[in-house]
């Protein structure tokens, strides 16, 4: 059992840690950040602005920093009760460890059990270095026998190391200079004076491996401990590896070791990214699609590529030419391509005489990095033609996606980074599903569910506020609608079904629920409900429709979240029952209640299809607690009162004027539920 430190020992440890931080040898886990971008991130976490949070994270703002009040973005989001923001921060690498002060604050400040359970689920399981999977793949290349991807053998004494030129060139300035002079070299011999164990430690360092606990020395090895350490120092100077010695000479401080490991991974990934952009992306080749197969790229090349990836540009044709392509032989070619089509494509081999020639982009790549995709791993491990490496020229492998999408995929495979713009997110989702890259698929889904989400405000309510606000400019409401509707939610939910991404299914249902009045009368929505019902094979009468169930859940969340905190949800339930049971056109008499208690007057405002008379209940706004039948026009009275006080007018979806925001929301909730029920009746579905 570990002994508990005394108070003086703990104070000494904290003092030494503070000195290391001040000296710059140790980084603080939660540094103070007073910059404007970090302040904007904190404000977005307080408001629950998913889109704003994602934009700041993409800009590179440190999500583990703290503000003047020692609050991290994760603490603010959990304290304010924004579940989706908390999930976004955790997925983006926010630290939540129970053994730390900030981690405990997140748990204790969580607004509800749902957020607390989410934090506990991510504790330790996700609070790891996000670059570790990338480093693990690079390290595994040293011991991978099949498929064989090495292209150079380095010999030290009697030991041989099968290595990769592009990794050596990217990570070691020494190998970069040597290989740039002789890129065709396939063997390399080190001086015999260098211990093989020391060189092995240097190679493991180049391949992001863990530093060896101890170097083999003493009797039987031929080298003493001092000779081994001297050999490591010579290897570090010979290969120009500045951090090798510090990595091996472990100080015993676990936190310092972990930080040094993190710094070395970040430095190595930056080196790989720089090499990737200066060699792979810079040497991509643009050719006509019909002539792409004629390209001959020599296997002995200066960027050490061993395969070419082809991506065809999309040619958007008019309706007439599109119909001709669908009716012609091109449809047969598309079906037999063996991939998932991403967007409209025009296949090679049938050049168009009416439009511009289709272009293709060839990316030189390395099989060792493509193995991060299960698709390429199976391809290169099998007996397919693409697995052959004995040809004089590089094999060309066609990937069924656009060049922009393929560049994003390659950037992720080589650098672990994925900057996915929202217009390309769906295409990246399909491409990563085709290539079996699950982590990239999750990143694309995260971009769609955050940047495509905004703050989940209702466009109708936003426009109403704009219209009622003095000095509102004409056309401002339409601009906000265009900004909110930046994505095609019908495309998103179908993509979620095809790629089996639960997060996008939930996002789409929530998106539709918060904008249901805009979509429920559209034919596209009706078709979507039918598709959702048909996803169940051998459907029974008791089977529900998943999409409708999710929309009902989020619709309830949309209208009831505001009432729960105010304690009005129970009163709204009673008033809704009263509205449902009342006949259209009849007067609802509300009994006198104690004025000191909070009340909620909800008049009968059903949808137009259910009402047989336009007459509505009168609402007395003079302060009387009784509401009875009025002989005058209640709508005119309310309108006149609002005009006199210059208060905003609250209208329900059926055009009726509500007494306040709560009454409007209660009426809208019932109207939308009724429309859903009538839609299911019209489609002859039971849900």
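The values are calculated or read from the model by the stated rules, or taken from the named source; none is laboratory data. Because the structure is predicted, anything quoted here is derived from the model rather than measured. Glycine also receives a Cβ, built like all others from the backbone with ideal geometry; neighbour counts cover every protein chain displayed.
Before moving on, here are some points about what is shown:
- Residue 482 loosely packed, with under 14 Cβ neighbours inside 10 Å and modelled with pLDDT of 50 or more: no
- Condition met for residue 270 (assigned by TED's automatic domain parsing to the domain that holds residue 389 and either modelled with pLDDT of 90 or more or surrounded by 14 or more Cβ atoms within 10 Å (Cβ to Cβ) (or both)): no
Residue by residue, here is whether (1) modelled with pLDDT of 85 or more; (2) in a loop (DSSP other than H, G, I, E, B) holds:
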{"residue": "279", "(1), (2)": "yes, no"}
{"residue": "283", "(1), (2)": "yes, yes"}
{"residue": "291", "(1), (2)": "yes, no"}
{"residue": "296", "(1), (2)": "yes, yes"}
{"residue": "321", "(1), (2)": "no, no"}
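- The range 149-167, subset farther than 25 Å from residue 386 by Cβ and outside any loop (DSSP other than H, G, I, E, B), residue modelled with the lowest pLDDT: 156
- Subset of the range 388-421 (residues that are under 24 Å from residue 287 (Cβ atoms), touching a helix residue (DSSP H, G or I) at 6+ places or on another chain (Cβ under 9 Å) and part of a helix (DSSP H, G or I)): 404, 405, 406, 407, 408, 409, 410, 411, 413, 414
- Among (1) part of a helix (DSSP H, G or I); (2) within 14 Å of the chain's Cα centre (by Cα); (3) at pLDDT 90 or above - the single one residue 449 does not satisfy: (3)
- Residue in the range 115-130 that is surrounded by fewer than 18 Cβ atoms within 10 Å (Cβ to Cβ), outside any loop (DSSP other than H, G, I, E, B), at pLDDT below 90 and more than 22 Å from the chain's Cα centre (by Cα) present: no
- Checking each residue in the range 5-55 for being part of a loop (DSSP other than H, G, I, E, B), modelled with pLDDT under 70 and farther than 28 Å from residue 260 by Cβ picks out only 6.
- Within the range 402-426, the only residue that satisfies the criterion of being over 23 Å from residue 272 (Cβ atoms), buried (at least 22 other Cβ atoms within 10 Å of the Cβ) and in contact (Cβ under 8 Å) with a residue 60 or more places away in the chain is 426.
- Residue, nearest to the chain's Cα centre (by Cα), within the range 180-221, restricted to residues that are surrounded by 14 or more Cβ atoms within 10 Å (Cβ to Cβ) and at pLDDT below 70: 211
- Residue 434 crowded, with 21+ Cβ neighbours inside 10 Å and under 30 Å from residue 489 (Cβ atoms): yes
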